[in-house]
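The values are calculated or read from the model by the stated rules, or taken from the named source; none is laboratory data. Keep in mind that what you see is a predicted model, and the values were worked out from it rather than measured. No Cβ is skipped: glycine too gets one built from the backbone with ideal geometry, and neighbour counts run over all protein chains shown. Calculation scope for accessible area: heavy atoms of the full protein, side chains included, ligands and nucleic acids excluded. Shrake-Rupley method; radii C 1.70, N 1.55, O 1.52, S 1.80 Å.
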Amino acid sequence: MEDKFNLDKRIVIFTDGACSGNPGPGGWASIVFHSRDKITELAGGNRHTTNNQMELQGVIEALSFISSLSDDISIYTDSTYVINGATKWVWGWAQRNWLTAENNPVSNKELWIKLIPLLQKHRGRLVWKYVRGHTGVVGNERCDQLAVSCSKGESLYLYEGLYSEYPYKIFPLPVDESLPTSSFSKEKRKESSVSYYISLVNGVVSKYQKWNDCERAVRGVSGAKYKKVKNEQEEKETLKSWNYEFKK
């Protein structure tokens with residue numbers, strides 16, 4: 001494990017996201033150790049979002065916060081989606097005009113576009129560290145606590161000051177862990193990549209490829225229902241749970 005006294009010229013970031021409903025109310029949080037002995041907590045939320053969006057937002061906010069600094073950076077996150085996206089996928093997506101390898105629109109395009117210049121700014125100085133969630137890692141646990149509080153709309157105190165007075169001791173840092181590989185088959189990954197949204201508004205079912213289109217359709221409509229689904233079977237089950245009557 002690495003102690004903070006070996007980190008005089010490095011920035012350490014813990015970040016996490018949370019969401020209830022997915023999509024639903026969510027929150028993000030980051031802890032930034034910077035300027036040799038300072039800690040800054042960052043957090044926020046969104047009433048209609050997804051877990052991946054909140055994971056991305058936490059990273060974006062943290063990197064934006066230290067954009068004027070030129071120290072080496074270590075980012076600890078439990079999101080394989082963020083790590084793989086930032087280190088592998090995003091550059092190919094950008095070259096393909098924001099289409100996946102299966103020629104589908106990239107999810108969370110707007111957030112990835114915001115992240116790209118931050119990755120470029122810190123190129124060669126940024127190292128990604130995977131940490132398993134809910135395993136007692138202090139930085140990760142504190143970020144989770146803040147993110148969940150934001151998802152619930154709770155008021156909270158964000159610390160900013162010296163590390164010596166910070167009540168959550170993030171050092172020594174956790175040992176490096178290998179990024180887990182997905183257990184899903186190619187068919188499962190392809191199936192999940194073509195997820196779409198459905199809505200039930202005034203008895204009419206509609207489908208959308210993008211969340212923004214679905215959100216516009218249901219916003220402000222009393223009794224409107226919506227959900228992200230992966231296939232027709234999940235769509236039928238959802239509509240059944242909404243007591244939708246299928247036409248014969």
Among A18, A94, which is the only one that is in contact (Cβ under 8 Å) with a residue 12 or more places away in the chain, in contact with a strand residue (DSSP E or B) (Cβ under 6 Å, 6 or more places away or on another chain) and among the hydrophobic types (A, V, I, L, M, F, W, C)? A18
Limited to region 111-149, what total is found for residues that are within 15 Å of G26 (Cβ to Cβ) and touching a Phe, Trp or Tyr at 6+ places or on another chain (Cβ under 7 Å)? 2
Can you list the helices (runs of 4 or more DSSP H) lying wholly within region 99-205 that have 3 or more residues being modelled with pLDDT under 95 and among the basic types (K, R)? 186-193
Which is under 30 Å from L162 (Cβ atoms), in a strand (DSSP E or B) and open to solvent by 10 Å² or more (accessible area, probe 1.4 Å), of L42, L69? L42
Condition (residue is closer than 18 Å to Q53 by Cα, open to solvent by 30 Å² or more (accessible area, probe 1.4 Å) and basic (K, R)) applied to region 125-145: is it met by at least one residue? no
Answer yes or no as to whether G17 is more than 21 Å from I116 (Cα to Cα), in a strand (DSSP E or B) and either open to solvent by 30 Å² or more (accessible area, probe 1.4 Å) or in contact with a Leu (Cβ under 8 Å, 6 or more places away or on another chain) (or both). no
Flagged in region 84-110 as buried (at least 16 other Cβ atoms within 10 Å of the Cβ), in contact with a Phe, Trp or Tyr (Cβ under 8 Å, 6 or more places away or on another chain) and polar (S, T, N, Q), in numbering order, are T100
With the requirement that a residue be of a type in the set (V, I, T), touching a helix residue (DSSP H, G or I) at 6+ places or on another chain (Cβ under 8 Å) and surrounded by fewer than 23 Cβ atoms within 10 Å (Cβ to Cβ), what does region 51-66 give you? I60
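If you take the residues of region 72-83 that are outside any strand (DSSP E or B) and of a type outside the set (S, T, Y), which of them is most open to solvent (accessible area, probe 1.4 Å)? Walk me through how you get there before you give the answer.
Looking only at region 72-83, we keep the residues that are outside any strand (DSSP E or B), and these are 78-83.
Keeping just the survivors that are of a type outside the set (S, T, Y) gives 78, 82-83.
Working: D78: 38, V82: 0, I83: 14 Å².
Restricting to residues being outside any strand (DSSP E or B) and of a type outside the set (S, T, Y), the top hit is D78.
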